[in-house]
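The values are calculated or read from the model by the stated rules, or taken from the named source; none is laboratory data. All values reported here derive from a predicted model rather than from experimental measurement. Every residue, glycine among them, receives a Cβ derived from its backbone with ideal geometry; neighbour counts consider all protein chains shown.
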Amino acid sequence: MRISTYFSYILALLLMPILSLAQVAPPPSLAVKAYLLQDFNSGAFIAEYKKDERIEPA
């Protein structure tokens, strides 16, 4: 009984990192010249495509 309990705990600890991997969605495919998506609160860039290319404003 004790060995099977320990084995269950060890198996759970080994499988936990595999099951908790986050799936990241690919960036969107848009018909635009360039785009930049930035988080307002943290200022981090979430997605970008040709962010350094100079284009005329809309």
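Side notes on the structure shown:
- The requirement of being modelled with pLDDT under 85 and exposed (fewer than 10 other Cβ atoms within 10 Å of the Cβ) is satisfied by Ile18.
- Residue match in region 35-53 (condition: exposed (fewer than 10 other Cβ atoms within 10 Å of the Cβ), in contact with a strand residue (DSSP E or B) (Cβ under 8 Å, 6 or more places away or on another chain), among the charged types (D, E, K, R) and at pLDDT 80 or above): yes
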